[in-house]
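Only one structure is covered here, and it is reproduced in the block below.
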Amino acid sequence: MTHNEKQLRIAVIGGDGTGPEVTREGLKVLRAVAQVEKFSYETTDYDLGGKRYLATGEILPDSVLEELRQFDAIYLGAVGHPDVAPGILEKGLLLRLRFELDQYINLRPVTLYPGVYCPLKDKSPEDINFVVVRENTEDLYAGGGGFLRKNTPHEVATQEMIATRFGVERCLRYAFELCRKRNDQKMLTLVAKTNVLTYAHDLWWRAFNEVGQKEYPDIKRDYNHVDACCMWFVKNPEYYDTVVTPNMFGDIITDLGAMIQGGMGIAAGGNINPEGVSMFEPIGGSAPKYTGQNKINPLAAICAMSMLLDTVGQTRAAQRIEKAVMATTPKLKSLSAGKMGYTTTEVGDLVAKLAVEG
Ligand code: IPM
Ligand code: MG
């Protein structure tokens, strides 16, 4: 590091269940690549999640949120605890971080690595290599809605789908730019439901065509209804290059995407604010039944670390990690917890070693 090079500062939220076990391996790999690529960094641990909530009632204190704004990136393990009612930690911690830090892109690559079992017959790594850009701050996730006459026979519940021209356009521009940068088929597929959601998705459709036509004439605009997209992900995944979609559909189709790339053991994502602090996480949950057993697959968290480094500009380190993961997957018997043929820590050791060898 030269003296005018800024030190990379990463906040680490191991979180619940197996979260801390997988982030530990990601940090092990970070240590290894930072040494060879000669950059320095510091990490700060934040104790957030179900355990803290059960002990103190705190989910995300405002003072912690303010501190998190000061980092270059956040590295998150998992959120979700069997003794905490559904929704409390998800909304209070994960979604609150995404919203408060305005991480308006949820970037989820779908890449089948060598030697990974794919549930689709006759599909290989050449066929499964695309990326989903999920809008991450609006839609049904914005929390609009309410009850009327709650707990009476005449109860009414509404849940509102929010699309703003500003929010949609910034997401579309990110997706068009990414598609251009990937330089693959130069095709951006909008996934929505314009035949039913004739207000919110009409806005998406108009913005998609207007922004695309004016600013990205080199990118082919393509459209799928979300139900059809689920069919094509399974039947013709090779069709896709870059996909852009509203928050709720993005949540659903990226679990399908995760399965065709080998499952939750490998699927990683980034909650990105291109002008602010981004947060990287394995897509899978806290897997309570595997906690503390050294059986969970850390590759998704390791891939999330690679995405983190790419985003903060440590591109070579990020590529080292991705290459090392690609050299590791053929050695594993399975990507599922407890069936890898290696322990969690052994997989981390293997990737760290291969990442250094380059
Ligand atoms: C995801 C998760 C979250 C979401 C949950 C845990 C709130 O499913 O990151 O995809 O719905 O976004
Ligand atoms: Mg999800």
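The values are calculated or read from the model by the stated rules, or taken from the named source; none is laboratory data. Computed from a predicted model, the values in this text were never measured in an experiment. Methodologically, a virtual Cβ is constructed for each residue, glycine included, from the backbone with ideal geometry; neighbour enumeration extends over all protein chains shown.
Assess whether Ala267 counts as being within 12 Å of ligand 2 (Cβ to nearest atom), under 18 Å from Gly26 (Cβ atoms) and in contact (Cβ under 8 Å) with a residue 40 or more places away in the chain.
Spelling it out, Ala267 is indeed within 12 Å of ligand 2 (Cβ to nearest atom), under 18 Å from Gly26 (Cβ atoms) and in contact (Cβ under 8 Å) with a residue 40 or more places away in the chain.
Yes or no: Phe208 hydrophobic (A, V, I, L, M, F, W, C) and within 16 Å of ligand 2 (Cβ to nearest atom)?
Here the answer is no, as Phe208 does not meet what is asked.
In segment 157-255, which helices (runs of 4 or more DSSP H) lie fully inside it and hold 3 or more residues that are modelled with pLDDT of 95 or more, away from ligand 1 (no atom under 16 Å from the Cβ) and acidic (Asp, Glu)?
Hits in segment 157-255: 200-215.
Cβ-Cβ below 7 Å, separation at least six or inter-chain, first residue in segment 312-332 and closer than 14 Å to Lys353 by Cα, second of a type in the set (D, E, K, R): which pairs?
Qualifying pairs under 7 Å: Ala317/Glu37.
Give the residue, chosen from Leu76, Leu89, that is buried (at least 22 other Cβ atoms within 10 Å of the Cβ), within 29 Å of Lys6 (Cα to Cα) and within 16 Å of ligand 2 (Cβ to nearest atom).
Working: Leu89 fails: within 29 Å of Lys6 (Cα to Cα).
None of the others qualify; the one that does is Leu76.
Would you check if there is a residue in segment 78-86 being more than 22 Å from the chain's Cα centre (by Cα), in a helix (DSSP H, G or I) and within 16 Å of ligand 1 (Cβ to nearest atom)?
Looking through segment 78-86, none of the residues is more than 22 Å from the chain's Cα centre (by Cα), in a helix (DSSP H, G or I) and within 16 Å of ligand 1 (Cβ to nearest atom).
Pairs please, first residue from segment 68-96 and closer than 24 Å to Glu42 by Cα, second anywhere and within 8 Å of ligand 1 (Cβ to nearest atom) and in a strand (DSSP E or B), Cβ atoms under 6 Å, 6+ apart in sequence or on different chains.
Leu76/Glu281
Filter segment 25-54 for residues that are hydroxyl-bearing (Ser, Thr, Tyr) and in a loop (DSSP other than H, G, I, E, B); which is nearest to the chain's Cα centre (by Cα)?
Only one residue fits best here, namely Tyr46.
Okay, residues lined up against (1) surrounded by 23 or more Cβ atoms within 10 Å (Cβ to Cβ); (2) on the phi > 0 side of the Ramachandran plot:
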site	(1), (2)
Tyr216	no, no
Ile219	no, no
Ala228	no, no
Pro237	no, no
Tyr240	yes, no
Asn294	no, yes
Pro298	yes, no
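Among what's in segment 275-285 and is within 14 Å of ligand 2 (Cβ to nearest atom) and surrounded by fewer than 23 Cβ atoms within 10 Å (Cβ to Cβ), pick the residue that is farthest from Gly115 (Cα to Cα).
The selected residue is Gly285.
Among (1) over 24 Å from Asp184 (Cα atoms); (2) under 11 Å from the mean Cα position of the chain (by Cα); (3) more than 12 Å from ligand 2 (Cβ to nearest atom), which single condition is Ile272 missing?
Result: Ile272 passes all but (1).
Could you check how many residues of segment 1-24 are out of contact with any Pro (no Cβ under 9 Å at 6 or more places or on another chain), charged (D, E, K, R) and outside any strand (DSSP E or B)?
2
A quick yes/no check of all residues on (1) more than 24 Å from Gln314 (Cα to Cα); (2) touching a strand residue (DSSP E or B) at 6+ places or on another chain (Cβ under 8 Å); (3) surrounded by fewer than 22 Cβ atoms within 10 Å (Cβ to Cβ); (4) of a type outside the set (Phe, Trp, Tyr):
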site	(1), (2), (3), (4)
Gly14	no, yes, no, yes
Glu37	no, no, yes, yes
Glu58	yes, no, yes, yes
Asp72	no, yes, yes, yes
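Check Ala268 against each of (1) over 30 Å from Met161 (Cβ atoms); (2) buried (at least 24 other Cβ atoms within 10 Å of the Cβ) and name the one condition it does not meet.
With (1) over 30 Å from Met161 (Cβ atoms); (2) buried (at least 24 other Cβ atoms within 10 Å of the Cβ) applied to Ala268, the lone miss is (1).
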